[in-house]
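The values are calculated or read from the model by the stated rules, or taken from the named source; none is laboratory data. On a predicted model such as this, the values are computed, not experimentally measured, just so you know. We place every Cβ from the backbone using ideal geometry, glycine too, and count neighbours over all the protein chains shown.
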Amino acid sequence: MDDQLHSLSRRLIELRMEHADLDLLIDRQTADESLAKSQGQPSDELSLRRLKKRRLALRDLIARLEQELDPDELA
């Protein structure tokens, strides 16, 4: 049981780190998109949308893992 909790905790930390990395990447790409638009260059909105979808999926997975680790906590 302890190994499973340790594994879930470790996975949760990894997912939070990936989520934070995506936040930074999305912020950077959003700034780049704004600059490209202001200079009349084409933007890569599809890539930005994919990053945001991945970030949302990570947030959902993080919430599920948090619930598994502490099922008594009210959402």
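Scanning segment 55-73 for residues that are in contact with a Lys or Arg (Cβ under 8 Å, 6 or more places away or on another chain) and either among the β-branched types (Val, Ile, Thr) or not in a helix (DSSP H, G or I) (or both) turns up just one, Ile62.
Which one of Lys37, Lys52 is assigned to a helix (DSSP H, G or I), touching a residue at least 24 places away in the same chain (Cβ under 8 Å) and basic (Lys, Arg)?
Selected residue: Lys52, the only one of Lys37, Lys52 that is assigned to a helix (DSSP H, G or I), touching a residue at least 24 places away in the same chain (Cβ under 8 Å) and basic (Lys, Arg).
Mind checking which residues of segment 46-62 are exposed (fewer than 11 other Cβ atoms within 10 Å of the Cβ) and either modelled with pLDDT under 90 or within 30 Å of Leu5 (Cα to Cα) (or both)? The answer is Lys53, Asp60.
Taking the criterion of being under 22 Å from Leu56 (Cβ atoms) and of a type in the set (Lys, Arg), the residues of segment 1-36 that qualify are Arg11, Arg16, Arg28.
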